[in-house]
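Undergrad: One structure, as structure tokens, below. Some questions next.
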Amino acid sequence: MKAAVIGVGHLGKHHARILASLPGVTLAGVVDIDAGRAAEIAREYGSVAYADARQIDGLELAVIAAPTESHAALAQPLVEAGVHTLVEKPVTQTLDEADRLIAAAKAKGVVLAVGHSERFNPAVVAARPYVSDPRFIEVHRLGTQLGRSLDIDVVLDLMIHDLDLILSMVPSTVESVEAVGVPVLTPKVDIANARVRFANGCIANLTASRISKDPVRKIRFFQRERYVSIDTAAREVEMFQVVPQEGMPKIGGGKLTVPGDEPLKAELEDFVAAVREARAPAVSGEQGRAALSLAVKIVELMKQ
């Protein structure tokens, strides 16, 4: 299948690298607003630089890794042309754009996937079987990357990873949200905290920052008789649970085995498999929209 990557900056370069290595996939072209950058990445991975992905004959797959503000404008015409498309998170900048993109994908019968790569993090995959009906979730995603993604605030930049994760792991709908955010070094919000209450009583407390001294990516699940802690950066999981015995119960557990490959590779493999098997991807356009909807609500609350 002929594939293209649109936007070959820091993340897009890795999309190009992996697509060029997947069996049954040809990296037919790369596109970037910086023609020199596109030519450089094309040479590195044996591809061709284009000004527009629609110039590629027989294009079947596309990955959009450009800035969020251009996601809809780049993805919409490709989807309408029948090209299966993976859009990096957040799926679009607005919910209206997401709705139009999802509708176009349905109308054309193409796969629309969203790049929430933390779903494929080996630590998340290893922990997921042990997370069932959590009652309290504590999330910290603290980064130092002020050099990129400054067209959006920290909620759409970083927190949205964890919003998608908790929506996929809590068997309930969102009932209410509280949020606060502060712009510190940029005009956009650089540090934010949100408290999400689900209809089943579960509460998730999320903090995201891109101005922290030390990077942290941890999510902790507390549920009846079990505690699960995931370090998505170190790809480590700890799980402790009550072990029944006569008399006073004891606590057992420790670190779980975390096998697995590069999350971005697993994400792209799932996307390609979804196209081949004519099935929904692990993270669909609708799921990407759900994460965006919650993120937009948080952003709106921070403005009040």
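Where a number appears in this text, it was derived from the coordinates with a stated rule and is not lab data. Values in this document were obtained by computation on a predicted structure and should not be read as measured data. All Cβ positions, glycine included, derive from the backbone under ideal geometry; neighbour counts span all protein chains shown.
Undergrad: Which of the following values of Kirkwood radius over Cα pairs in Å was calculated from the structure shown: (1) 20.2; (2) 19.6; (3) 22.6?
TA: Recomputing Kirkwood radius over Cα pairs in Å here picks out (1).
Undergrad: Along the Cα-to-Cβ line of Thr257, 7 Å from the Cα, sits a label point; which residues in region 115-134 have backbone N less than 15 Å from it?
TA: 123, 126-127
Undergrad: So what's the gap between the Cα centers of region 191-260 and region 33-53, to the nearest angstrom?
TA: Result: 42 Å between the Cα centres.
Undergrad: For Ser212 and Ala51 in one chain, what is 0.36 nm times their gap in residues minus the Cα-Cα distance, to one decimal in nm?
TA: 54.2 nm
Undergrad: Same structure again: So if we plug the beta-carbon distance of Leu264 and Ala103 into 1/(1 + (r/R0)^6) with R0 = 30 Å, what FRET efficiency do we get, rounded to 0.05?
TA: Here the calculated transfer efficiency is 0.60.
Undergrad: Can you check what the net charge comes to around Pro77, using other residues whose Cβ is under 11 Å from the Cβ of Pro77 (Lys, Arg +1; Asp, Glu -1)? Show your work: numbers first, answer last.
TA: Numbers: positive: Arg54; negative: Asp52, Glu80.
Neighbour charge sum, excluding Pro77 itself: -1.
Undergrad: Under a point spin-label approximation (7 Å from Cα along Cα-to-Cβ), what is the Arg43-Val242 distance to one decimal in nm?
TA: Computed distance between label sites Arg43 and Val242 equals 6.4 nm.
Undergrad: Right, another one. What does the charge dipole of the chain about its Cα centre add up to, to the nearest 20 debye, if the Cβ of each Lys and Arg holds +1 and the Cβ of each Asp and Glu holds -1?
TA: Magnitude of the dipole: close to 480 debye.
Undergrad: If I stretch the segment between Ser293 and Phe222 completely, what's the gain in nm (0.36 nm per residue apart, minus their alpha carbon distance), one decimal?
TA: Working it through step by step, the gained length comes to 23.1 nm.
Undergrad: Something else: Can you compute the FRET efficiency between Leu185 and Lys303 using 1/(1 + (r/R0)^6), with r the Cβ-Cβ distance and R0 = 22 Å? Round to the nearest 0.05.
TA: Once the sixth-power term is evaluated, E becomes 0.75.
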